[in-house]
Every structure is written in structure tokens, then in C-alpha cells.
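All of the numbers you see were taken from the coordinates with simple rules; none came from a lab. Keep in mind that what you see is a predicted model, and the values were worked out from it rather than measured. Please note: Cβ atoms are built from the backbone with ideal geometry, for glycine as well, and neighbour counts cover all protein chains shown.
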Amino acid sequence: MTNPSKDSETNNMTQRNATPLATHVRTAVMDYFEHLSDHENDELYTIVIREVEKPMLEVTLEQAGYNQSKAAKILGISRSTLRKKIAQYRIS
């Protein structure tokens, strides 16, 4: 059973923290387009996910004391998905 108070607190924290992250990503994407010049790239989504996902996983693992179950819970993914991503990005 979920705790409505806890859910509300988590949503408030997410909303407060999402704005700065979104701002940083937006700035980085705008910068990317400014430096793209006349070159075309049709893999922007893949580039952004690759650049954001690995450090997000690394920092979350650090914050969770390298406890994969705890990190997976923080990320909202299964432990097996986390393990696959750790292997994919060669995170030690």
C-alpha cells in the first residue's frame, strides 16, 4: 500500500528538481545545434540518452552506496534492468 503523504512529498521533490535538470539539458541541446553548423545529425535522441544515462546511473549508484537494489528503486527500474545498464555502460 502506498503512503499518499510520501507520494506527495516525492512528487514535490521531483517537480522542484526537474526544472534545473531540464534547463541544463535544454541548454546543452541548444548548444549542440549552435555548434552543428551545416552538418546534419539524425541521432540526437540516442546522443542525449547516452550522454545523460551513464552519469545518472553512476551518481545514483554512488548515492545508494553501490547497493544495486536501492539504486534501482531510486531510479524506478528493476534491479535486472539496472544490471544490464551497468554492463552496457561498463560501470564498475
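Exposure proxy shown here: for L36, L57, the number of other Cβ atoms within 10 Å sets the order, fewest to most, as L36, L57. Residues E62, E40 in ascending order of nearby Cβ atoms (within 10 Å, fewest first): E40, E62.
Tally Lys/Arg at +1 and Asp/Glu at -1 over every other residue whose Cβ is under 10 Å from the Cβ of K54; what's the total? Walk me through the numbers on the way to the answer.
Working: positive: R50, K85, R90; negative: E51, E53, E58.
For residues surrounding K54, the net value is 0.
The stretch 51-92: Rg/Rh from Cα coordinates, Kirkwood Rh?
Answer for the stretch 51-92: 0.90.
Mean separation of Cα pairs under 8 Å and 6 or more residues apart, divided by the residue count, gives the stretch 51-92 a relative contact order of 30 percent. Straight-distance candidates among the aspartates and glutamates for linking to K84, with alpha-carbon spacing under 15 Å and chain neighbours fewer than 8 residues away dropped: E53, E58.
Model label sites at I47 and R83, defined 7 Å from Cα along the beta-carbon direction, differ in position by 3.5 nm. Once you have a ≥ b ≥ c as the square roots of the Cα gyration tensor eigenvalues for the stretch 34-74, tell me rounded if a/c is under 1.5, and otherwise prolate or oblate according to whether a/b is larger than b/c. In terms of gyration-tensor shape, prolate.
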